[in-house]
Each structure stands twice: as C-alpha cells, then as structure tokens.
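Any read-out appearing in this document is the output of simple, stated calculations on the displayed coordinates, not a laboratory observation. For clarity, every value in this text was computed on a predicted model and none was experimentally measured. We place every Cβ from the backbone using ideal geometry, glycine too, and count neighbours over all the protein chains shown.
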Amino acid sequence: MTLRFLLIALCASAAGCARVPPYQRELLAHPTMLLVNFSGPAEEHVYAIQEGAIGGGSGAEGGCGCN
Amino acid sequence: MRLQLSFTLALAALLALASEHPASAERPSVTAAAEVAGYIDSTHVQVASPSVSATVADELAGWSVGGRYLVDVVSAASVDIVSTASPHWSELRHVGSAEVSYKRGPAAVTASGGVSHEPDYLSLSGGLVATVELLDKNLTPFLGVRYGHDDVGRTGMPKDRWQLLQRGGMQAGAAFVINRFIVASAQLDADFERGYLAKPYRYIPLFAPGSGASVPVGASPQLVNELRLDQRPIDSLPDARDRYALTGRIAARVGHATLRLDERIYTDSWGLWASTTDARVMVDAGPRLLIWPHLRFHAQSSVDFWQRAYEAVAQSDGTLAPPRYRTGDRELSRLDTVTGGLGLKLRLTGGAHSPWYLTYQLDGAYTRFYDALYITERLSLFSALGISGRWD
C-alpha cells in the first residue's frame with residue numbers, strides 16, 4: 001500500500017520534469033542546491049526531542065537517549 | 001643534445017599535463033570540522049554539545065570515509081523534576097558515528113553506523129543506503145534500510161535489569177531535476193520500534209475517577225499534588241510503535257539566492273499526526289558570505305491514549321488501578337512549535353584550493369502545549385558555532 005502510494009507520488013512529481021542536459025546545470029551545481037538535510041547533529045537532536053515525529057533524514061538515526 | 005631536448009620536451013609535456021590535471025584532483029581530499037552548539041530553554045534545561053568530524057574523500061576513485069564524535073553535556077531542573085521533588089541533575093552523552101561511501105558508475109552505496117552512550121542509555125545503530133543515477137542524472141532513486149538496538153535503564157540500575165528497544169526502518173524515494181533552476185525529492189520513511197518505549201524516570205500523577213477534567217491545563221505542581229491520589233505509577237506505553245513519514249524537498253535557484261522548502265507529513269500507530277515545514281532562503285551576500293534566514297513550523301496532535309490528568313480505574317474488587325497506558329511526556333501531547341533564526345557561512349581563505357569556513361547559527365523557538373500539566377509554553381534558544389577546513 002505504502003509502496004504503491006510512493007510510486008504514484010513519484011510519477012506525479014516527475015510528470016512535470018524536463019530533462020536538463022549536463023551543460024545547462026550550472027545553477028543546479030551550486031552547493032546550496034544539494035537536497036541534503038542542512039541541520040547539524042546537535043540541531044537534529046533538539047528536533048528529535050522537541051517533536052513527536054521522526055523521518056526525512058538520511059541513513060541510520062540513532063536512539064535519542066532522552067529517557 | 002637530442003637526449004637533452006627530449007628530456008626538456010618530456011618535462012614540458014609533464015608540466016602541461018599537471019596544469020590540466022592538478023595533482024590535487026587525483027589525491028584524496030581531507031575535510032575536518034569542529035562545532036560547539038548550545039541549547040537553553042525556559043524549563044531550565046541546558047545542553048552544551050561540542051563535536052568534531054573528519055572526512056577523507058577521493059572523488060575520482062568514488063570513495064569517502066568519514067567520522068564524527070559529539071558530546072552532550074546536559075543539565076536539567078525541569079518542572080517534571082520539581083513536581084517529583086527530584087534533585088537537579090547533570091549528564092554526559094557520548095555519540096560516535098562513521099560513514100563509508102563508494103560510487104561506481106551511476107550506482108553508489110553508503111553504509112553508516114553510530115554509538116550513543118550515557119549512564120542510563122546505550123544505542124547502537126547502522127544503516128545502508130543505495131542510490132542510482134538515471135536519465136543523465138535527472139532522476140536519482142534511493143533505497144535504504146536501518147537497524148537500531150537500544151538498552152534503556154536508570155542510572156545506578158544493574159545492567160541486567162535494563163530494558164531492550166529495537167528499531168528497524170527503511171526509506172525509499174527519489175531526487176529529480178525539474179528544470180534548470182529547480183530540483184526536488186520525495187522520500188518515504190517507515191520505522192518500526194519494538195520493546196521498551198516508556199520513560200523510566202517519569203511518574204504519573206493519578207486522579208480519582210471523574211475528577212480529571214477539573215485539573216486545569218498548566219496546573220502547577222502544588223495544585224497537582226493537592227488534587228492527586230497517593231498512587232503515583234510509572235510511565236507505561238505500548239511496546240510497539242510503527243512510524244511513517246513522507247518528506248518532500250524542493251530547492252530553487254533564483255538570482256543569487258536559493259529557496260529551500262521541506263515538508264514532512266508524519267503519522268504513527270499511536271495515533272499521532274504531525275506536519276513539519278522548514279524553510280531557508282540562502283543568499284550569497286558576497287563572494288565569501290552566505291546567509292540564510294530560517295523558519296520552521298511543527299504542529300502535532302496527541303497520541304490516542306494521551307490524557308492531561310489520568311484517572312484511576314475502579315476494579316471489580318473495589319480497588320483503584322492506573323490505566324494500562326499513561327504518560328507524562330509532553331512531546332506526545334498536542335503542541336505547536338515555531339522556530340525562527342539566522343545562519344551564516346563565511347569563507348575565511350581566498351584561492352581555489354584548501355578553503356576554510358566559519359559557520360554560525362542562532363535559532364529561537366516557541367512551543368505551545370495545549371493539553372499538558374505544569375506548563376503551557378516553552379521558549380528555547382539554540383546556537384552553533386563551527387569551523388571547517390579542506391585540504392586538497
């Protein structure tokens with residue numbers, strides 16, 4: 001069910017995309033255009049404790065140790 | 001003479017090659033960073049978090065290895081402690097993590113692992129993420145799995161009485177180029193937690209049947225102690241939690257600025273729904289300075305079993321017992337948090353190689369608790385100062 005939802009979301013999102021050749025990616029190459037999580041580990045830890053939600057990060061997420 | 005000419009030509013050719021392909025590009029580069037972060041809030045929690053990290057990467061060979069070490073120095077005397085007459089406490093948390101990446105052609109794999117240790121908590125975690133570049137790098141799907149093993153106890157409690165919490169999870173999604181100015185990504189995370197999920201230090205005030213509604217939002221510790229029963233059971237939560245998050249990210253380059261917008265929709269098997277919106281406008285304020293105003297809004301509902309004032313349940317033999325699930329964790333109640341701040345990154349050195357950067361971030365947050373005891377709001381301040389350098 002969730003996989004089907006994800007595939008539909010991806011197809012819907014990709015429908016409006018244009019294929020951009022490498023020589024037109026000057027602006028996309030700017031460091032701020034990386035789709036990474038810009039929050040550092042200390043900031044992420046604050047969010048993990050203050051918010052009841054998780055997800056959206058990359059890789060393994062350690063236990064918050066906030067007992 | 002001919003030999004000397006050949007040698008000169010060969011040397012010239014080598015120099016020409018070297019200028020086209022600098023030796024630095026063929027060597028691994030080393031990046032190192034240090035950061036000191038601080039957190040303080042109106043519930044008297046203070047945290048200082050120094051950290052160091054380093055990465056060695058060879059872009060041509062396609063590999064990188066990195067590690068990070070962080071210490072949290074936590075000092076707290078929060079309202080929960082006041083209400084349970086516990087003393088002010090301080091604690092150290094040590095966190096170590098490492099990451100290895102390897103890229104071959106369009107495919108890349110990243111393995112990561114981490115250890116977090118404090119006197120009453122030990123967490124081990126690991127994960128693997130695979131990505132592949134398709135359609136001339138216009139579409140990059142990724143798939144990842146992760147596992148965590150936590151041991152949860154209380155300071156001074158023998159280790160054999162600690163409780164186990166296991167966390168398994170997966171993530172799947174894709175990043176895609178929309179046009180020459182915009183990239184976006186969509187990601188689904190599913191995490192499954194099994195084991196001890198309660199807070200071993202939290203005791204829950206219990207009220208007589210039918211009297212819970214008369215305990216007001218934000219009731220003071222004194223009022224709670226006047227109204228509650230003598231029984232004070234410990235925090236008790238279900239031992240399974242399935243958590244799902246759908247995250248969308250978009251980055252748009254306009255002039256000398258990048259607009260970055262993240263949205264996460266979250267739900268879990270405890271009935272909590274949440275929306276988190278994070279926006280940054282990163283502006284090139286000069287050839288060496290990047291600044292970004294930051295705004296974040298988080299709103300969530302409470303879990304299904306949340307009650308501001310838990311009432312005892314009358315048993316068939318006439319005694320009173322606490323409800324099966326009860327918690328005093330305010331982060332499981334309905335709340336909103338607004339965070340706003342500013343960050344900057346300053347390049348300290350000129351030249352194309354071996355840059356050094358100074359970064360600073362200051363965020364203030366306001367949290368409104370709609371249905372909790374002791375407090376109705378919290379103000380907090382987070383700041384981080386870092387320096388990083390790269391050796392090419």
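A few notes on this one:
- Under the Karplus curve 6.51 cos²θ - 1.76 cosθ + 1.60, θ = phi - 60°, whole-Hz ³J(HN,Hα) for segment B:356-363, x wherever Gly or Pro sits: 10, 10, 10, 10, 9, 9, 9, 10
- Acute angle (nearest 10 degrees) that the helix B:2-20 long axis makes with the longest principal axis of chain B, alpha-carbon atoms: 30
- For peptide B:255-266, the mean count of partner chain Cβ atoms within 10 Å of a residue's Cβ comes to 3.
- Options B:Gly255, B:Tyr39, B:Phe297, ranked by Cα towards positive dipole end of the protein assembly as shown, top entry (Cβ charges): B:Gly255
- The mean number of partner chain beta-carbon atoms within 10 angstrom of a residue's beta-carbon across peptide B:108-116 is 3.
- Charge dipole (Cα centre; +1 on Lys/Arg Cβ, -1 on Asp/Glu Cβ; no other charges) of segment B:178-392 amounts to roughly 860 debye.
- Inter-chain Cβ neighbour average for residues A:23-30, partner chain, 10 Å: 5
- One chain, two ends: B:Asp58 and B:Ser354. Fully extended at 0.36 nm per residue, the span grows by 105.1 nm beyond their Cα-Cα distance.
- Label-to-label distance, B:Asp392 versus B:Asp136, with points set 7 angstrom from Cα along the beta-carbon direction: 2.7 nm.
- For the protein assembly as shown, calculated [θ]222 nm from helices alone, where every DSSP H run of n ≥ 4 adds -39500 (n - 2.57): -3500 deg cm²/dmol
- Projecting the Cα atoms of B:His117, B:Asn138, B:Gly340 onto the charge dipole of the protein assembly as shown, computed from C-beta unit charges around the Cα centre, puts B:Asn138 farthest toward the positive end.
- Per-peptide average of other Cβ atoms within 10 Å, ordering B:374-382, B:170-178 highest first: B:170-178, B:374-382
- B:Ala240-B:Tyr370 FRET efficiency (beta carbon distance; Förster radius 25 Å; 0.05 resolution): 0.40
- Amide H to amide H, with H built 1.01 Å from N, B:Gln307 comes under 5 Å of B:Thr327, counting only residues 5 or more places away or on other chains.
- Take the Cα of B:Val338, step 7 Å toward its Cβ, do the same at B:Thr319, and the gap between the two points is 5.0 nm.
- Segment B:178-392: radius of gyration over Cα atoms, expressed as a fraction of 2.2 N^0.38 Å: 1.38
- Order by protection proxy (mean Cβ within 10 Å, highest first), peptides B:241-249, B:50-58: B:241-249, B:50-58
- Extension gain from B:Leu381 to B:Val36, taking 0.36 nm per residue of separation minus the Cα-Cα distance: 122.8 nm
- Charged-residue dipole, Cβ positions (Lys, Arg, Asp, Glu), chain B about Cα centre, Debye nearest 20: 820
- Inter-label distance, nm, simple model (7 Å from Cα along the C-beta direction), B:Ala98/B:Arg161: 3.5
- Computed from point charges on the beta carbon alone (+1 for Lys and Arg, -1 for Asp and Glu), the dipole magnitude for the protein assembly as shown about its Cα centre is near 1000 Debye.
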